[in-house]
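Here the structure comes first, spelled out in structure tokens, and everything after it is commentary.
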Number of protein chains: 2
Amino acid sequence: MTVLQGRLADRDSWSPVGRCPIEKTMGLVGTKSAMLIMREAFYGTTRFDDFARRVGITKAATSARLSELVDAGLLAKQPYQEPGQRSRDEYVLTEQGTAFMPVVWAMFEWGRGYFEDTRLRLSHQGCGAEATVEIRCADGHHVPPEELAVRVAGRRT
Amino acid sequence: MTVLQGRLADRDSWSPVGRCPIEKTMGLVGTKSAMLIMREAFYGTTRFDDFARRVGITKAATSARLSELVDAGLLAKQPYQEPGQRSRDEYVLTEQGTAFMPVVWAMFEWGRGYFEDTRLRLSHQGCGAEATVEIRCADGHHVPPEELAVRVAGRRT
DNA sequence: CAGGATCCCTAAGGATACTG
DNA sequence: CAGTATCCTTAGGGATCCTG
């Protein structure tokens, strides 16, 4: 138990800093379909119908989710044109969207272990070694859960 | 774009390996309240009413979510007894639950940047340095998004 | 303190049909 | 291909009241 954990545990809500970033993040992209669309976008999917089919949701849901993700700035809508066709839009990851991927891969990794799915692995392309999601500090140490603290600006905690 | 990303992009659904771990994970703990309860459990909250109050949900929702998390094995229900009181239950993180924390902190980190919340920081207690969630390979390299690949067992990809 | 019961509202999302 | 529109079901979750 870290010092801060002890302090944070003594409170009525997450009041010290207003609403917690986790809560806000879940409010923005906290649905299964949004998470899977982000996965697809990372895999290189850009077309509306491909998202719908590969994620396994209806077009209505696809439309709603893509719009939300574009509005939130995780995806960008870009026009493209195939010869002889009218102009259409495709959806690509933005910088904010790419920054979101650790969330997706953390879920992937946990689910892989939890559901004992041994067929899948994250790997570092090129070097070929297995990759995992982990918490590290600026000094380069791996940070196990019991050594992780949350600091509120200014305070010592 | 990695090799696997290219290959995975050419498919109808996530068929090569059945349902994806991300999807299964979201099915299990993909609600805002479940995520916040996990945060609270990490902070050291163990009592029913504390969860309800600090997460900001009703007791009915608290009851439902805690039961699901216990059934899923992320939390364990343990009896405790205060002098002069009847026996009650408290909820503590299991190993599976602790393993889930990278998901929670990845959301925390992304939300912190996205919502520009500068008051909060993850830190490595003791060494005091800032901590972040990142993807690294077994050879010790930091793995940027463009170098990350997903491998399906046996296949080269 | 730790819930369960009941009622109600909203969002996610499936099914189906229709458009440019 | 890229959507929009309509209808319907289910789950999350608030409010309120009650119990051991």
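Points to keep in mind about this one:
- Selection of the stretch B:75-95 for residues being of a type in the set (A, V, I, L, M) and away from DNA strand D (no atom under 16 Å from the Cβ) yields B:A76, B:V92, B:L93.
- Of everything in the stretch B:101-141 that is touching a strand residue (DSSP E or B) at 6+ places or on another chain (Cβ under 7 Å) and small (G, A, S), the residue that is surrounded by the fewest Cβ atoms within 10 Å (Cβ to Cβ) is B:A138.
- One residue stands out in the stretch B:113-157 among those that are of a type in the set (G, A, S) and assigned to a loop (DSSP other than H, G, I, E, B): the one that is nearest to A:A106 (Cα to Cα), namely B:A138.
- Note on the stretch A:32-59: among residues that are within 7 Å of chain B (Cβ to nearest Cβ) and near DNA strand C (Cβ under 9 Å from one of its atoms), the one that is surrounded by the most Cβ atoms within 10 Å (Cβ to Cβ) is A:M35.
- Boolean, A:A131 is of a type in the set (A, V, I, L, M) and more than 19 Å from B:E147 (Cβ to Cβ): no
- Looking across the stretch B:113-128, just one residue is among the acidic types (D, E) and in contact with a helix residue (DSSP H, G or I) (Cβ under 9 Å, 6 or more places away or on another chain), and that is B:D117.
- Residue check for B:V104: outside any loop (DSSP other than H, G, I, E, B) and over 16 Å from A:L148 (Cα atoms): no
- Extreme residue, farthest from DNA strand D (Cβ to nearest atom), among residues of the stretch A:51-69 that are more than 16 Å from the chain's Cα centre (by Cα) and among the charged types (D, E, K, R): A:R54
- Filtering the stretch B:60-73 to residues that are within 20 Å of A:K24 (Cβ to Cβ) and either away from DNA strand C (no atom under 11 Å from the Cβ) or not basic (K, R) (or both) leaves only B:A61.
- Condition broken by A:S63, with the remaining ones in (1) part of a helix (DSSP H, G or I); (2) at pLDDT 95 or above; (3) closer than 30 Å to B:G128 by Cβ satisfied: (3)
- Test for A:T46: is it of a type in the set (S, T, N, Q), touching a helix residue (DSSP H, G or I) at 6+ places or on another chain (Cβ under 7 Å), closer than 23 Å to B:C20 by Cα and within 8 Å of DNA strand D (Cβ to nearest atom): no
- Failed condition for B:A72, given (1) closer than 24 Å to A:E134 by Cα; (2) facing chain A (nearest Cβ under 7 Å); (3) within 14 Å of DNA strand D (Cβ to nearest atom): (2)
- B:E82 within 28 Å of B:I22 (Cβ to Cβ) and more than 7 Å from chain A (Cβ to nearest Cβ): no
- The sole residue among B:P83, B:P144 that is within 24 Å of A:E40 (Cβ to Cβ), out of contact with any Ser or Thr (no Cβ under 6 Å at 6 or more places or on another chain) and surrounded by fewer than 16 Cβ atoms within 10 Å (Cβ to Cβ) is B:P144.
The values are calculated or read from the model by the stated rules, or taken from the named source; none is laboratory data. On a predicted model such as this, the values are computed, not experimentally measured, just so you know. Cβ atoms come from the backbone with ideal geometry, glycine included; neighbour counts cover every protein chain shown.
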